[in-house]
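Undergrad: Input: one structure, supplied below.
The values are calculated or read from the model by the stated rules, or taken from the named source; none is laboratory data. Owing to the predicted nature of the structure, the values given are computational and were not obtained by experimental measurement. So basically every Cβ, Gly included, is an ideal-geometry build from the backbone, and we count neighbours across all protein chains shown. Please note that ligands, DNA and RNA were not included when accessible areas were found on the heavy atoms of the full protein model with its side chains. Shrake-Rupley method; radii C 1.70, N 1.55, O 1.52, S 1.80 Å.
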Amino acid sequence: MVVVYFAGLIGLLLFLTAEARIGNSSESPFCTETKECLLYDLLCQTDDYEVRHYDAAKWVTTDEESYVFDKATYTAFMRLFKYINGSNNDGVKIDMTAPVIIKVQEKKRIWQSAIYTLSFLLPSAYQNDPPQPTDNKVYFTDLPDMKVYARTYGGYMVSLTTAYNSMQLKKQLDRAQASYNTEYYYAVGYDSPMKIMNRHNEVWYIAEGEPVCPSSP
C-alpha cells in the first residue's frame with residue numbers, strides 16, 4: 001500500500017512539473033491584451049539580450065509557404081484565428097493567448113519561397129486535450145522545455161524589423177561565442193494589430209548547451 005501511495009505521488013509530481021507554465025497575464029509586463037501568457041524564468045541578461053527558460057507547452061500550428069513574410073503570417077494567423085473562434089470539432093471558442101510565434105528558416109534566399117510556421121499558445125484549460133481542428137492545415141505542436149536567447153524591440157512585427165533584429169541578435173551571440181540553433185529563429189509577437197503604442201516584439205534563438213551571458217564591461 002505504501003509503495004502504491006509513493007508511486008502515485010511521484011506520478012502526480014511528474015505530471016505537475018511537466019505542465020506548461022502558462023499563467024495570468026498580470027504576471028508578465030508584455031501580455032496586456034490576453035488572459036493568459038507563456039511565462040518564463042529569466043536566467044541572465046546583458047545589455048543586448050536575455051536568456052530565458054521556458055517549460056514545454058502545446059501550441060496550435062499551421063504552415064504557409066510564401067515569398068513574403070508578411071503575406072504568409074497574415075494568412076496563417078487568420079487560419080488559426082478561425083480555429084480558436086469555433087472551427088474545431090467541438091465548435092468551442094478558445095481564448096487568445098500570448099505570444100504568437102513564427103518559426104522562420106534562416107537560409108531563405110530572396111528569390112526563393114519559404115515555409116513559415118505560425119503557432120498560437122493553447123490556454124491552460126486546453127493544454128492536455130484541445131479540440132481537434134476541422135481544417136487539415138491546422139495541427140498541434142509540442143514544443144519542448146527550452147532555453148532561448150531573446151532580443152526585444154517595439155513597433156510592428158514586419159519582415160524588415162524581424163530580419164534586422166534577428167541579424168542583430170545573431171551578431172551579439174556570435175560575439176559572445178554562444179552556441180545556438182542557426183537553422184531557424186522565432187519571430188515573437190505579443191500585441192494585436194489594433195494596439196498602436198508600446199508594442200512589444202521579440203526574436204528568439206534556441207540555446208544549445210550552457211547559455212552565455214557575458215558581463216558588461
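Undergrad: Within the group 174, 191, 145, which residue is of a type in the set (Asp, Glu), out of contact with any Lys or Arg (no Cβ under 9 Å at 6 or more places or on another chain), modelled with pLDDT of 95 or more and closer than 24 Å to residue 29 by Cα?
TA: Working: 174 fails: closer than 24 Å to residue 29 by Cα; 191 fails: out of contact with any Lys or Arg (no Cβ under 9 Å at 6 or more places or on another chain).
Step by step, each of 174, 191, 145 is checked, and only 145 is of a type in the set (Asp, Glu), out of contact with any Lys or Arg (no Cβ under 9 Å at 6 or more places or on another chain), modelled with pLDDT of 95 or more and closer than 24 Å to residue 29 by Cα.
Undergrad: May I ask you to list pairs of residues, at least six apart or on different chains, whose Cβ atoms are under 6 Å apart, with the first in region 157-172 being in contact (Cβ under 8 Å) with a residue 24 or more places away in the chain and the second being part of a helix (DSSP H, G or I)?
TA: Sorted first by the residue in region 157-172, then by its partner, the pairs are 158/70; 159/69; 159/70.
Undergrad: Could we say that residue 99 is open to solvent by less than 60 Å² (accessible area, probe 1.4 Å) and farther than 15 Å from residue 186 by Cα here?
TA: Working: open to solvent by less than 60 Å² (accessible area, probe 1.4 Å): yes; farther than 15 Å from residue 186 by Cα: no.
Against the criterion (open to solvent by less than 60 Å² (accessible area, probe 1.4 Å) and farther than 15 Å from residue 186 by Cα), residue 99 does not qualify.
Undergrad: Only one residue in 185, 180 is open to solvent by less than 30 Å² (accessible area, probe 1.4 Å) and touching a Ser or Thr at 6+ places or on another chain (Cβ under 8 Å). Which one?
TA: On the way: 180 fails: touching a Ser or Thr at 6+ places or on another chain (Cβ under 8 Å).
Every option except 185 fails the conditions.
Undergrad: Let me ask something additional. Could you tell me how many of the residues in region 188-217 are in a loop (DSSP other than H, G, I, E, B) and on the phi < 0 side of the Ramachandran plot? Before the answer, list the steps.
TA: Start the filter on region 188-217 by keeping residues that are in a loop (DSSP other than H, G, I, E, B), which leaves 190-200, 208-217.
From what's left, on the phi < 0 side of the Ramachandran plot: 190-197, 199-200, 208, 210-217.
Residues flagged as in a loop (DSSP other than H, G, I, E, B) and on the phi < 0 side of the Ramachandran plot within region 188-217 amount to 19.
Undergrad: Run down 165, 198 and say which single residue is open to solvent by less than 30 Å² (accessible area, probe 1.4 Å) and more than 25 Å from residue 60 (Cβ to Cβ). Full working, then the answer.
TA: Values: 198 fails: open to solvent by less than 30 Å² (accessible area, probe 1.4 Å).
Of 165, 198, the one residue that is open to solvent by less than 30 Å² (accessible area, probe 1.4 Å) and more than 25 Å from residue 60 (Cβ to Cβ) is 165.
Undergrad: While we're looking at this one, here's another question. List the strands (runs of 3 or more DSSP E) inside region 105-165, counting only whole elements, that have at least 2 residues being touching an Asp or Glu at 6+ places or on another chain (Cβ under 7 Å).
TA: Working: elements: 114-121, 138-143, 146-153.
The qualifying strands (runs of 3 or more DSSP E) are 114-121, 146-153.
Undergrad: Now a separate question. Let me confirm something: among 74, 49, 139, which residue is open to solvent by less than 80 Å² (accessible area, probe 1.4 Å), hydroxyl-bearing (Ser, Thr, Tyr) and at pLDDT 95 or above? Working first, answer last.
TA: Numbers: 74 fails: open to solvent by less than 80 Å² (accessible area, probe 1.4 Å); 139 fails: open to solvent by less than 80 Å² (accessible area, probe 1.4 Å).
The match here is 49.
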